[in-house]
Amino acid sequence: MPKRIIPLSDMKVQKAKSKGKNVTLFDGGGLFLMVTPTGGKLWRFKYRYNGKQKLLAFGSYPEITLLDARRRRDDARRLLANNVDPGAIRKAQKQAKVEETETVEVIAREWHEKFKTKWTQGHATKIMRALERDVFPWIGTRPIKDIKAPELLTVLRRVESRGVLEGAHRIRGICNMIFRYAVSTGRAERNPAQDLIGSLPPAKEKHLAAITEPKKVRELLRAIDGYSGSYVVKLALQLSPLVFVRPGELRHMEWSEVDFDESLWSIPAEKMKMREPHLVPLSRQAIKILEEIKKLTGASKYAFPSGRTFDRPMSNNAVLAALRRMGYTKDEMTPHGFRAMARTIIDEVLQVRPDFIEAQLAHRVSDPLGRSYNRTQHLNERRKMMQKWADYLDGLKIGAKVLPFKKAKG
């Protein structure tokens, strides 16, 4: 005759002690409380399935009360009555829960949060907007390990169908980094974005419009000097060709970064695309412009503040809008075009060493041993180059003879 089990009471569960070893207190129907030597109280359910003894954990007391444990036992016994293994159901539920936390969107946002400190704020924002627009609505809720190349290709085709082939290539590149991160962290076994290399038509390289013909540069410089809009924007336009930094770097120039005595602008790493600090030697002409603008904006944190408040930098469309107002279309000149202008003419007309130019453009340049130049590399030579460039532009404006390109364009 089987031993009769007296059901547990709340009081008995509460006062149960281990006595220095595991103590098992049965409640009936396979449910028991195991009290560990350290005082832990664990609910367990013992059952047989297909002739095998099995054990299922229900959690710990007091988080799981006696009543909760009995309800879980009864649910498990109902499954057994229908020839279903409650342990297999629990395993499937756990797997589903893991998959919920390892979706494409969850992993993508984790990757973005981890690496965004290496990008500029604008670049980080652009990446997330692209994901939210072109990826998450279609596969964001899918487990990342289940995504195969054809499904990801469908995502890219949607972008391509809008006539944005470059955008489709960009999304593939972003997804490549995300899936590579998922593989390296054990959340995926394969990178489907890598499998899609060559699956899209090649995108034509898109260059931002720039004026590089000296005679047309002369016309542009004269148009800038005659600009009748905002005086702050006019001075920003005048400074742009002299420093040829990226438009966002110019807009966010702060007075604390400018050393008038040393004629040097020190841009901190967090403002640079490559997240490395950068030095911009300032020509006499550049210093003159900055001294002029400081009379107006010296009380602001920014050298070129917003037209509405000194607390924010100038709008990213201010210089672009001024170029359009002067009659230059998007196919003729852009704010970023001042960089291409300087790079082309300094190289092909002024015959300056390319590595000096690349260092001043804040491009990654390595020496023969593969080491990246630091921000002070070739600083004296770059000072001479920047002054020579500023003098050349002055000569263009006053009508000096335009020097022809000394090298054929390739």
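Quick note: the coordinates plus some simple rules give every number you see, no bench work behind them. These numbers come from a predicted model, not from an experiment. With ideal geometry, Cβ positions are generated from the backbone for all residues, glycine too; neighbour counts draw on all protein chains shown.
Assigning unit charges at the beta carbon (Lys, Arg +1; Asp, Glu -1) and nothing else, what dipole magnitude in debye, to the nearest 20, does the stretch 115-157 show about its Cα centre?
Magnitude of the dipole: close to 140 debye.
Looking only at GluC sites (Glu not before Pro) in DSSP loops with at most 10 other Cβ atoms within 10 Å, what is the longest site-free stretch of the chain?
Counting only loop sites that pass the neighbour cut-off, the longest clear stretch is 206-410.
Select from 305, 272, 173 the residue farthest towards the positive end of the dipole of the chain; place +1 on Cβ of Lys and Arg, -1 on Cβ of Asp and Glu, and compute about the Cα centre.
About the Cα centre, the residue reaching furthest to the positive side is 173.
Would you work out which of 23, 161, 393 lies farthest towards the positive end of the dipole of the chain? Charges go on Cβ: Lys and Arg +1, Asp and Glu -1.
Farthest towards the positive pole: 23.
List the trypsin sites (Lys or Arg not before Pro) within the stretch 1-105 that DSSP assigns to loop and that have no more than 13 neighbouring Cβ atoms inside 10 Å.
Within the stretch 1-105, the qualifying trypsin sites (Lys or Arg not before Pro) (loop, at most 13 other Cβ atoms within 10 Å) are 3, 4, 17, 19, 21.
Could you list the trypsin sites (Lys or Arg not before Pro) in the stretch 156-225 that lie in coil according to DSSP, counting only those with at most 12 other Cβ atoms within 10 Å of their Cβ?
Here the trypsin sites (Lys or Arg not before Pro) that fit, given the DSSP loop and packing criteria, are 162, 204, 206.
If each residue of separation counts as 0.36 nm, what is the full-extension length gain between residue 230 and residue 24 once their alpha-carbon separation is subtracted?
The residue 230-residue 24 span can extend by a further 65.9 nm.
Per DSSP H run of n ≥ 4, the term is -39500 (n - 2.57); total these for the chain, divide by its residue number, and report the mean residue ellipticity at 222 nm rounded to 500 deg cm²/dmol.
Only helices count here, giving -14500 deg cm²/dmol.
Estimate the FRET efficiency between residue 331 and residue 262 by the formula 1/(1 + (r/R0)^6), using the beta-carbon distance for r and 51 Å for R0, to the nearest 0.05.
Here the calculated transfer efficiency is 0.80.
Using +1 on the beta carbon of Lys and Arg, -1 on that of Asp and Glu, and nothing else charged, what's the dipole of the stretch 214-398 about the Cα centre, debye to 20?
460 debye
Let me know the shape class of the stretch 214-398, please: from the alpha-carbon gyration tensor, a ≥ b ≥ c as square roots of the eigenvalues, rounded when a/c is under 1.5, otherwise prolate if a/b is greater than b/c, or oblate.
oblate
In the stretch 258-305, which chymotrypsin sites (Phe, Trp or Tyr not before Pro) are in a loop and have at most 14 other Cβ atoms within 10 Å, using DSSP for the loop call?
For chymotrypsin sites (Phe, Trp or Tyr not before Pro) across the stretch 258-305 that sit outside H, G, I, E and B with at most 14 neighbouring Cβ atoms in 10 Å, the list reads 260.
For the stretch 104-195, rounded, prolate or oblate, judged on the Cα gyration tensor with a ≥ b ≥ c (square roots of eigenvalues), a/c < 1.5 rounded, else prolate if a/b > b/c?
oblate
In debye, nearest 20: dipole of the chain around its Cα centre with unit charges on the Cβ of K, R (+) and D, E (-)?
The dipole of the chain has a size of about 1980 debye.
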